[in-house]
Amino acid sequence: APREVVLEVNGVRHALHLDPAAPLLMVLRNDLGLNGPKYGCGLGECGACSVLLDGRAARACVLPVSRAEGRHVTTLEGLGSIAAPHPVQAAFIAEQGAQCGYCLNGMIIATVALLDRNPRPAEAEIRQALAHNLCRCGTHLEILASVRRAVA
Ligand code: FES
């Protein structure tokens, strides 16, 4: 049943009245207007919906919003802005690491989480960190170049 759910997203506190079982992704997109996280598979398999939960990548499409209560949620919007992009966002822009761009939210979130715990990842570690983020365009080489630029 709906109840008050308090979320902290990108440093802003929101008190919302909603079903605590609702997927976090839908709350972010529909209630808070944050469209950085994308709806891809809805099954936790593609990574398009990724957000940072206390700094670790999480799949918002399969995460009940109640599981985000009391934690720091960071979306793509919280990393940087068009005027002042996060270094990982700037690297993806510089390398043009997108074709359709739908997967990029997840790629960037996964990269930020990776570099936070391992600032100098080896190529194999980069590939492993992104292995479960799907890109249907086949833009993997540009994406990997973007991550390497972010590391450099
Ligand atoms: Fe969440 Fe695919 S939309 S993992």
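Just wondering, is there one or more residues in segment 46-63 that are more than 10 Å from the ligand (Cβ to nearest atom), of a type in the set (Asp, Glu), in a loop (DSSP other than H, G, I, E, B) and closer than 26 Å to Ala1 by Cα?
No, every residue in segment 46-63 fails to be more than 10 Å from the ligand (Cβ to nearest atom), of a type in the set (Asp, Glu), in a loop (DSSP other than H, G, I, E, B) and closer than 26 Å to Ala1 by Cα.
If a residue must be part of a loop (DSSP other than H, G, I, E, B), crowded, with 19+ Cβ neighbours inside 10 Å, modelled with pLDDT of 95 or more and not β-branched (Val, Ile, Thr), how many such residues does segment 64-104 contain?
1
Name the residues in segment 64-100 that are within 16 Å of the ligand (Cβ to nearest atom) and either farther than 21 Å from Leu32 by Cβ or charged (D, E, K, R) (or both), would you?
If the condition is that a residue be within 16 Å of the ligand (Cβ to nearest atom) and either farther than 21 Å from Leu32 by Cβ or charged (D, E, K, R) (or both), then Arg67, Cys100 are the ones that fit.
Being touching a His at 6+ places or on another chain (Cβ under 8 Å), assigned by TED's automatic domain parsing to the domain that holds Ala15 and surrounded by 15 or more Cβ atoms within 10 Å (Cβ to Cβ) narrows it down to one of Leu52, Leu34, so name that one.
Of Leu52, Leu34, the one residue that is touching a His at 6+ places or on another chain (Cβ under 8 Å), assigned by TED's automatic domain parsing to the domain that holds Ala15 and surrounded by 15 or more Cβ atoms within 10 Å (Cβ to Cβ) is Leu52.
What are the pairs, 6+ residues apart or on separate chains, where a residue within segment 56-67 that is on the phi < 0 side of the Ramachandran plot has its Cβ under 8 Å from a residue that is among the aromatic types (Phe, Trp, Tyr) and part of a loop (DSSP other than H, G, I, E, B)?
Final answer for the pair search is Cys61/Tyr39.
Could you tell me which of the residues Ala60, Ala110, Ala129 is touching a Ser or Thr at 6+ places or on another chain (Cβ under 8 Å) and assigned by TED's automatic domain parsing to the domain that holds Asn35?
Testing whether each residue is touching a Ser or Thr at 6+ places or on another chain (Cβ under 8 Å) and assigned by TED's automatic domain parsing to the domain that holds Asn35 leaves just Ala60.
The values are calculated or read from the model by the stated rules, or taken from the named source; none is laboratory data. In this text, all values refer to a predicted model and were calculated from it rather than measured experimentally. In this analysis, Cβ positions are derived from the backbone assuming ideal geometry, glycine residues included, and neighbour counts consider all displayed protein chains.
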